[in-house]
Amino acid sequence: MKKILFIASEAAPLVKTGGLGDVVSSLPSTLKKLGHDVRLVLPAYRIILADLQPLTMVATIDMGLEYSIRILQGTMPDSSVPVWLIDSPTHFDRDGGPYIDINGDDWPDNAERFALFSLVAERIALNQAKLNWQPDIVNCNDWQTGLVPALLVAHTPRPATVFTIHNLAYQGIYSHDTFKFLQQRLQLPERLWSVESMEFHGMFSFMKGGLIHADILNTVSPTYAEEICTTEFGYGLDGLLTHRREQLFGILNGADYTTWNPATDPYLHSNFDIDSIEKKSANKKVLQNYFKLPIRADIPMLGMVGRLVEQKGCDLVLAILDELLNKHDIQFVVLGSGEKKFESAFSQVAKNFSEKMAVQIGFSEDLAHHIEGGCDMFIMPSRFEPCGLNQLYSLRYGTVPIVRQTGGLADTVIDDNVDPAQANGFSFYDQTPVALLNTIERALLVFKDKTRWTTLVQQGMNADYSWNHSAQQYLDIYNKALGIVNK
């Protein structure tokens with residue numbers, strides 16, 4: 001049995017902005033079921049304090065501020081994983097999101113917020129918070145926790161550290177003045193400001209702290225682990241990652257089939273599985289009715305759920321929408337939010353093609369499940385995608401994914417042209433509207449061949465991307481990290 005401490009800035013269902021929240025919910029729970037002693041550390045955001053009850057104060061820590069930091073203990077919903085909340089009201093008890101305010105702007109004190117979070121997490125990891133528990137492994141996640149390995153490396157003995165990169169594009173980079181402020185405010189050690197540590201081209205990089213100092217690094221898919229060692233996807237850190245390639249691993253995220261399972265999904269009008277795929281059509285009818293689209297069982301229905309940003313290939317979709325909708329007898333539904341220009345553009349096309357397309361701006365868990373359960377195809381043309389989860393949900397729901405060959409999408413979607421015997425979807429490589437349009441049209445052609453289409457759907461539904469396999473791979477890298485720190 002291993003004692004494993006997860007440190008993260010979000011965890012579903014308490015707070016979630018993306019795939020990180022899903023991983024930090026599912027992976028600790030799976031490891032707990034496998035017999036390991038797992039704990040989770042999160043900031044005490046206002047939304048968590050309101051939703052996670054009961055909470056017990058288990059420790060106070062003096063960080064040299066105007067007040068002591070409280071550590072509150074609760075239990076993650078739907079699992080028995082204990083969670084420790086770092087309660088600093090000045091930093092976390094506020095309206096807005098975990099990283100941005102109600103206007104959509106970054107909190108101006110994010111560096112201080114997550115530096116404090118990391119410093120308290122360091123105390124917990126070293127059992128200096130007097131919680132009578134000390135981990136063997138500390139698993140940090142993304143830039144908000146990148147300071148933790150940099151702090152722990154100075155201690156002997158110490159837990160082994162693993163740093164998981166969910167998205168290298170977000171690095172937590174701040175000015176030297178900010179570092180000097182953190183030194184004064186939180187007593188950050190001077191040694192962190194060096195090229196061998198967290199100094200990055202004259203700036204202070206939280207991400208680099210994790211990449212330099214963690215014993216083992218991993219990303220959320222094998223292909224993404226390769227991609228971030230290139231100039232295109234490395235964001236200036238490709239040299240460092242290439243240098244650490246022997247300690248860098250790619251582990252595909254798992255899908256939480258307790259939540260995303262068409263056979264038991266409470267959101268669906270009609271539950272179904274691989275032996276009752278015909279029941280899926282009832283969900284299409286409900287979806288069409290919801291969006292006020294013509295009720296037709298025969299028409300191919302395409303869906304898209306996610307952030308409306310360039311990373312997700314929204315510009316590629318918008319570039320082909322008019323031609324696609326004019327040329328083909330289809331329906332297309334979109335759920336998401338993001339950049340205002342994309343929200344407006346999708347909404348305008350939906351107005352122009354009200355019989356064929358519908359858009360809902362914002363997010364709805366209910367509607368996301370309905371789109372997966374009712375659509376025939378799922379569009380996911382990301383410019384980069386560290387792992388992606390929606391394509392995994394789509395496969396299980398018999399909603400054939402159409403993706404770009406990048407990151408986890410390349411690792412999970414097998415194109416019908418490449419390997420028909422194992423195919424479960426359609427993919428393209430070139431980041432162009434033409435490539436996307438051609439791939440969608442290939443899918444529409446196969447859709448007309450019901451026997452071939454049913455085979456695609458069944459092969460997708462048969463795939464097992466549960467967390468059990470991925471959790472075993474995490475245990476493998478934990479052992480590697482322990483081997484390094486115990487040398």
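No lab work stands behind these numbers, since they all come straight from the coordinates. Predicted model, so just to flag it, every value in this text is computed and none were measured. Because the Cβ atoms are built from the backbone with ideal geometry, glycine has one as well, and the counts that use them run over all protein chains shown.
Across the chain, C-alpha contacts under 8 Å between residues 6 or more apart give a mean separation that, scaled by the residue count, equals a relative contact order of 12 percent.
Using the average count of surrounding beta-carbon atoms within 10 Å as a protection proxy, the listed peptides 472-478, 154-160, 27-33 rank, highest first, as 27-33, 472-478, 154-160. Among the listed options [x] 29; [y] 24; [z] 21, the one matching percent of Cα pairs over 37 Å apart as calculated from these coordinates is [x]. Cα centroid separation, the stretch 32-110 to the stretch 267-316: 36 Å. Mind checking which lysines have their C-alpha under 26 Å from LYS341, skipping anything on the same chain fewer than 8 residues away? Result set, ordered by chain and number: LYS16, LYS292, LYS312, LYS327, LYS351, LYS356. Highest mean packing first, where packing is the average number of other Cβ atoms within 10 Å per residue, the peptides 364-374, 54-64, 2-12 line up as 2-12, 364-374, 54-64. Straight-distance candidates among the aspartates and glutamates for linking to LYS487, with alpha-carbon spacing under 19 Å and chain neighbours fewer than 8 residues away dropped: ASP136, ASP215, GLU246, ASP476. In a fully extended conformation the segment linking GLN348 and ASN417 would gain 21.4 nm over its present Cα-Cα distance, using 0.36 nm per residue.
Per-residue Karplus couplings for the stretch 62-77, computed as 6.51 cos²θ - 1.76 cosθ + 1.60 with θ equal to phi - 60°, are listed in order as 8, 9, x, 8, 6, 8, 7, 8, 8, 10, 9, 10, x, 10, 4, x Hz, Gly and Pro entered as x. The helix-only estimate of mean residue ellipticity at 222 nm for the chain, built from DSSP H runs of length n ≥ 4 each weighted as -39500 (n - 2.57), is -11500 deg cm²/dmol after division by the residue total.
If you take every residue apart from ILE477 with its C-beta less than 15 Å away from the C-beta of ILE477, what net charge results, scoring Lys and Arg +1 and Asp and Glu -1? Taking every other residue near ILE477 into account, the sum is 0.
Say a paramagnetic label sat at a point 7 Å from the Cα of LEU445, along Cα to Cβ; which residues of the stretch 291-328 have their backbone N under 17 Å from it? Under cut-off, by backbone N: 324, 327-328.
Only Lys, Arg, Asp and Glu count, each charged at its Cβ (+1, +1, -1, -1), so figure out the dipole size of the chain about its Cα centre, rounded to 20 debye. Once rounded to the nearest 20, the dipole reads 620 debye.
Only lysines eight or more places from LYS480 in sequence, or on another chain, were considered; those with a Cα closer than 26 Å are LYS2, LYS3, LYS32, LYS33, LYS208.
One decimal place: the segment LYS341-GLN431 gains 30.4 nm when fully extended, by the rule 0.36 nm per residue minus the C-alpha distance. The local environment of THR219, defined by Cβ-Cβ distances under 14 Å, has a net charge of -4 under the rule Lys, Arg +1 and Asp, Glu -1. Using the Cβ-Cβ distance between LEU475 and THR242 with R0 set to 25 Å, the FRET efficiency works out to roughly 0.45. Remark: the stretch 409-418, residue by residue, has Karplus-estimated 3J(HN,Hα) of 5, 5, 7, 10, 9, 9, 5, 4, 7, 7 Hz, where x stands for each Gly or Pro and the curve is 6.51 cos²θ - 1.76 cosθ + 1.60 at θ = phi - 60°.
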